[in-house]
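A.B. asks: Take a look at this one; I'll ask things after.
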Amino acid sequence: MTSILGLLLFQAMASYAFPSNLETKEKNQQLVQNYLEKFYKLNSFEELPKRKSANFIGEKIKEMQAFFHLKVTGKPDAKTLKVMKQARCGVPDVARFAVTTGNPKWDKTEITYRIQKYTTHLSKADVDMSIKKAFQVWSNVSPLTFTRVWEGEADIMISFFSGDHNDNSPFYGPDGVLAHAFPPGKLIGGDIHFDEDETWTVNHLNYNLFLVAAHEIGHALGLAHSQDIGALMYPVYSYMDINPFKLPQDDINGIQAIYGPSNSPTHPTGPETPRQCDPMLKFDAIFTLRGEIIFFKDRFLMRKHPSNPEVDIHFISTLWAGLPSGIEAAYENSDRDEVFVFKGNRYWLLKGFDVMPGYPKEIYKTFGFPKTVKRIDAAFYDEITGKTYFFVGQKYWRYNENKQSMDTDFPKQIALGFPGIGKKVDAVFKYQDSVYFFQGTRQYEFDFDKKRVLTLLRSNSWFNC
């Protein structure tokens, strides 16, 4: 980087309140410089005239913040630095690799691939299966077919490398750039390289090879990065539930925009990322966690602190890798700092952001439900009485947490115990003196002491929509 660029970077960093430790400042400055050079054309020759601008660094930071839906300040604040430190794909966010021009695509639908060099972290069988499944992700939703070859030159050559591997895009050790791929084209076009210094796995630990491979194949087919946090083509690595894996709709739309629809007689569809201000937003389960409110929706969760207007969205598996998608009920026992999460007739026990070992377990022995109860629709805990309320169909049960037994004379009709709520509950949680019941896009604020509805709200009113 030129001296003037280094000076501008120093000024941008100095204008923000970083920790006083000089070494930390220097590390953050180097982090910002490296990140913007790799992914936002900071050192690009075509942007040389802009470098004399005092706002050049700030504008590059703004580009990055806008891409990741961060608050656009042009300053390397804590959230911006956090994203910059996350493991990710090595393909830039604002420009493709300069191998081909335009919008490259394969001019055929039958594409070959070859695994040229393996990793030492997994067996060859595990690598073969992970790569095969990753290609199937794309063939299932497009007219493309993928055939593996064992020798010679394939359209997509796959290898694991460490450090500099002569493609002008070196790796720099673990937990940074995980892999990169080149867009369709001749020679190196379409090839995929994985960083051998990462710890590759076939589960939720470290970096799942199938997920990273599926992402890089998307690049090898011509897709750029997506700004949709739920998309496979989002640049930052995040583990998502792969049993079974469903390609998000954003990625389906992208690949079909390049190659056309699938040849399948049924139109393939995938999950969509929930939008917090969608007027049709519905929730699967809601619970409190150490002052936060957690909203479950499909494979996602939204974190909301009542004193903070911002909402964070994540995959459920990012915070709790052992939990499945489609959670149906959850509640926090704040007295014990425990959270119980339910799906079907099984439940998991959480302690903060840890899933306790030995779970899931069935709901029958622990809570005393009869075998006729196949799932819990919603639940909340009342810290005043030490009782937990479970909603099943049109009825509710009451569980004594201290005695660890179901109260007698239950179940009862929801309409009788909670007048005005209706016959069925999708989600519920208790906050301060009120209980909030959710039915579809509607939310009822219920006075627990007076047993009456106080107000009717939209389901996403907690998101300042």
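A.B. asks: Please list the non-local residues whose amide H lies under 5 Å from the amide H of Val373, H modeled 1.01 Å from N, same-chain partners needing a gap of 5 or more.
C.D. replies: Sorted by chain and number, the residues that satisfy this come to none at all.
A.B. asks: Still on this structure, please answer the following. For the chain, calculate the relative contact order in percent as a whole number, restricting contacts to Cα pairs under 8 Å that are 6 or more residues apart.
C.D. replies: 9
A.B. asks: Would you mind calculating the relative contact order of the stretch 191-301 from Cα pairs under 8 angstrom and at least 6 residues apart, reporting the percent as a whole number?
C.D. replies: Value for the stretch 191-301: 16 percent.
A.B. asks: In addition: Filter the cross-link list Lys27/Lys79; Lys282/Lys304; Lys25/Lys79; Lys75/Lys304 down to pairs whose alpha-carbon distance in this structure exceeds 18 Å.
C.D. replies: Pairs exceeding the cut-off: Lys75/Lys304.
A.B. asks: Mind jotting down the distance between the C-alpha centroids of the stretch 155-171 and the stretch 382-412, whole Å?
C.D. replies: Cα centres, the stretch 382-412 to the stretch 155-171: 59 Å.
A.B. asks: Still on this structure, please answer the following. Using the Cα gyration tensor of the stretch 362-423, with a ≥ b ≥ c the square roots of its eigenvalues, what is the shape: rounded (a/c below 1.5), prolate (a/b larger than b/c) or oblate (neither)?
C.D. replies: Judged from the Cα gyration tensor, the stretch 362-423 comes out oblate (a/c at least 1.5, b/c at or above a/b).
A.B. asks: Could you give me the ³J(HN,Hα) list for the stretch 126-137, computed from phi with Karplus coefficients 6.51, -1.76, 1.60 and θ = phi - 60°, whole Hz, x at Gly and Pro?
C.D. replies: Values per residue, Gly and Pro as x: 5, 5, 4, 5, 4, 5, 4, 5, 5, 5, 5, 3 Hz.
A.B. asks: Taking H placed 1.01 Å from N in the peptide plane, check which residues at least 5 places from Ile156 or on another chain put their amide H under 5 Å from its amide H.
C.D. replies: Excluding prolines and chain starts, which carry no amide H, the hits are Thr112, Tyr113, Arg114.
A.B. asks: First select every other residue whose beta carbon is under 12 angstrom from the beta carbon of Thr455; then total the charges, Lys and Arg +1, Asp and Glu -1.
C.D. replies: +1
A.B. asks: With θ set to phi - 60°, apply the Karplus curve 6.51 cos²θ - 1.76 cosθ + 1.60 along the stretch 356-371 and write out the HN-Hα couplings as whole Hz, x wherever there is a Gly or Pro.
C.D. replies: Whole-Hz 3J(HN,Hα) from phi for the stretch 356-371: 5, x, x, 10, x, 10, 7, 6, 6, 5, 5, 9, x, 6, x, 5.
A.B. asks: May I pose another question? Please report the net charge: other residues with Cβ closer than 12 Å to the Cβ of Tyr364, K and R +1, D and E -1.
C.D. replies: Taking every other residue near Tyr364 into account, the sum is +4.
A.B. asks: Can you give the FRET efficiency to the nearest 0.05 for Ile258 and Lys374, using r as the Cβ-Cβ distance and R₀ = 51 Å?
C.D. replies: Efficiency, rounded to the nearest 0.05: 0.75.
A.B. asks: Angle between the Cα long axis of helix 249-259 and the longest principal axis of the chain, 0 to 90 degrees, nearest 10?
C.D. replies: 30
A.B. asks: Restricting attention to the chain, give the cysteines that have no other cysteine Cβ less than 4.7 angstrom from their Cβ.
C.D. replies: Cys89
A.B. asks: Classify the stretch 184-282 as rounded, prolate or oblate from the Cα gyration tensor: take a ≥ b ≥ c as the square roots of its eigenvalues, call it rounded if a/c is under 1.5, otherwise prolate when a/b beats b/c and oblate if not.
C.D. replies: Oblate is the answer for the stretch 184-282, as a/c is 1.5 or above yet b/c matches or exceeds a/b.
A.B. asks: Using θ = phi - 60° and the Karplus form 6.51 cos²θ - 1.76 cosθ + 1.60, what ³J(HN,Hα) does each residue of the stretch 107-114 get, whole Hz, x for Gly and Pro?
C.D. replies: Result, ordered by residue: 8, 8, 10, 9, 10, 9, 9, 9 Hz.
A.B. asks: Okay, next question. At what distance in nm do the modelled label points of Ser307 and Arg452 sit from each other, each positioned 7 Å from its Cα along Cα→Cβ?
C.D. replies: 3.3
A.B. asks: Please list, in chain and number order, the residues 5+ apart from Ala427 or on another chain whose amide H is under 5 Å from its amide H, with Hs placed from the backbone.
C.D. replies: Phe438
A.B. asks: Here's another thing I want to ask about it. How many Å² of accessible area per residue for the stretch 372-465, probe 1.4 Å?
C.D. replies: Accessible surface, normalised per residue, equals 50 Å².
A.B. asks: Cα-Cα over 30 Å: which of Lys351/Lys450; Lys60/Lys186; Lys374/Lys430?
C.D. replies: Lys351/Lys450; Lys60/Lys186
A.B. asks: Under 16 Å Cα to Cα from Lys117, which lysines show up? Leave out anything in the same chain fewer than 8 places away.
C.D. replies: Once the sequence-local lysines are set aside, what remains near Lys117 is Lys132.
A.B. asks: Just grab the label-to-label distance for Arg346 and Ser405, each label 7 Å out from Cα along the Cβ direction, in nm (one decimal).
C.D. replies: Label at Arg346, label at Ser405, 2.9 nm between them.
A.B. asks: Still on this structure, I have one more. Based on DSSP H runs of at least 4 residues, each adding -39500 (n - 2.57), what is the mean residue ellipticity at 222 nm of the chain after dividing by all its residues, to the nearest 500 deg cm²/dmol?
C.D. replies: -6500 deg cm²/dmol
The values are calculated or read from the model by the stated rules, or taken from the named source; none is laboratory data. Keep in mind the model is a prediction, meaning the values are calculated, not measured. So basically every Cβ, Gly included, is an ideal-geometry build from the backbone, and we count neighbours across all protein chains shown. Calculation scope for accessible area: heavy atoms of the full protein, side chains included, ligands and nucleic acids excluded. Shrake-Rupley method; radii C 1.70, N 1.55, O 1.52, S 1.80 Å.
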